[in-house]
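Have a look at the structure below before the remarks.
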Amino acid sequence: MNWINRVALLLIIVGAINWGLIGLFQYDLVAGLFGGGEQSAALARVIYTLVGISGLIAISLYFLPVAEQEKTTAAESSK
């Protein structure tokens, strides 16, 4: 897994946790951390956008052939 895929996975996890918090407690973690001012709101929008792009990257990973995934995993474990 290359670094772009790892960053995408991290952002997807952040997005999933954020949606879980919104669903359970009506608390938006990203807005809570970055909300407050106009610049902070813009930074929160950047985070939301990056999470969305990460989801699109994950869609492409979903359609990788299983053999290619196994080859990539074997190559990474040998490093």
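Remarks
- Taken over the stretch 1-47, the residue count meeting the criterion of being closer than 30 Å to Ala75 by Cα and among the polar types (S, T, N, Q) is 2.
- Selection count, the stretch 41-63, where residues are in contact (Cβ under 8 Å) with a residue 40 or more places away in the chain and either within 11 Å of Leu11 (Cα to Cα) or surrounded by 14 or more Cβ atoms within 10 Å (Cβ to Cβ) (or both): 6
- Selection of the stretch 1-57 for residues being on the phi > 0 side of the Ramachandran plot and among the polar types (S, T, N, Q) yields only Gln26.
- Qualifying positions in the stretch 13-40 - assigned to a helix (DSSP H, G or I), free of Cβ contacts under 8 Å to residues at least 12 places away in the same chain and surrounded by 14 or more Cβ atoms within 10 Å (Cβ to Cβ): Leu21, Ile22
- Matching residues in the stretch 41-79 - criterion: being modelled with pLDDT under 80, farther than 16 Å from Trp3 by Cα and part of a helix (DSSP H, G or I): Tyr62, Val66, Ala67, Glu68, Glu70, Lys71, Ala74
The values are calculated or read from the model by the stated rules, or taken from the named source; none is laboratory data. Computed from a prediction, not measured in an experiment: that's the story for all the values here. Heads up, the Cβs are rebuilt from the backbone with ideal geometry, glycines too, and the neighbour counts pull from every protein chain shown.
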